[in-house]
Structures are given as structure tokens and as C-alpha cells.
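The values are calculated or read from the model by the stated rules, or taken from the named source; none is laboratory data. Note that the structure is predicted; figures quoted are calculated from it, not measured. Using ideal geometry, Cβ is built from the backbone for each residue, glycine included, and neighbour counts are taken over all protein chains shown.
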Amino acid sequence: MERAYEANLDLVEVSPNAEPPVVRVMDFNKFIYEQSKKEREARQSQKQVEVKEIRFRPKTNEHHREIKIEQARGWLDEGNKVKVRIRFRGREITYPELAQEQLTEVADELADIAVVEQQPNMEGRTMLMILAPKKK
């Protein structure tokens, strides 16, 4: 403690469970600052995965579906996940098999670059499926 006081630094306990306890003489504020700086740099180097969404209706025609699939293909190439949602309106909810069929067609067309992360399931008045890019 005297050495730390003489050097005008802090005495920091590094390993309290060791016998005898291990301590270090250091500037604690500088240590905390450097730790936070390292954490910030680590967070900046991480890649954030976004979830993009395409929406259909059970009666969406073939041409519009192809356009949306090409858009999803671009997102998957960028490394983003794609949420495919089919929204039911009115009495369309009585034909969930149409939506299931559309979602399997989308998954089949994107099978070369994507895997189905979440199988199609109903959430309220929508049927939802999540696609993730394949590992390279």
C-alpha cells in the first residue's frame, strides 16, 4: 500500500482467491478507460445481421412473387436474414394451404443460397417463415 501511495497510483486486487492474494499497482481509471475502448472496438468490428421482410397475399400472382424473390436473393447475398410473411384478409384465412404452398415455392427457389431457419407457422392472421443465408 505504501508503494502505491508513493507512486500516486491505485492498489488493485487481481486475484482475491489466490494464496496470498495477488495485487497490482496501477492507475485504475486508465485501466477502466482502456477496457471500455477495447470493448467499443470489438463491437464495431462485429457484423450486425438485419432481418428484411417480404410480404405476400395468398392471391399474389407469379410475376410479383418472382420480383420479391429476386429482392430477397439480393438481401441473402448481402448476409441478411429474410422474413417471408403472407397476410390473410377477410375469408382468405380459411385457405392456409395456399399460403403454405407459396412459402414452400419461395423456399425451393431460394434453396441454393438460403436455408429455412423457421418453418412456416401461423401467427394471428399471418403465416410466417424465416430464411437465413447458407454458410460459405
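For (1) more than 18 Å from the chain's Cα centre (by Cα); (2) closer than 14 Å to residue 107 by Cα, each residue gets a yes or a no:
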| residue | (1), (2) |
| --- | --- |
| 36 | yes, no |
| 41 | yes, no |
| 49 | no, no |
| 61 | yes, no |
| 64 | yes, no |
| 73 | no, yes |
| 77 | no, no |
| 83 | no, yes |
| 96 | yes, no |
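Cβ separations smaller than 7 Å between residues 6+ apart or across chains give the following pairs from segment 56-82 residues that are among the hydrophobic types (A, V, I, L, M, F, W, C) to residues that are assigned to a loop (DSSP other than H, G, I, E, B): 69/110; 72/110; 76/110; 76/113. Condition check: modelled with pLDDT of 90 or more, closer than 25 Å to residue 47 by Cβ and out of contact with any strand residue (DSSP E or B) (no Cβ under 6 Å at 6 or more places or on another chain). Does residue 113 satisfy that? Answer is yes for this residue. Of the residues making up segment 101-136, those that are of a type outside the set (A, V, I, L, M, F, W, C) and either closer than 15 Å to residue 75 by Cβ or in contact with a Cys (Cβ under 7 Å, 6 or more places away or on another chain) (or both) are 109, 112, 117, 133, 134.
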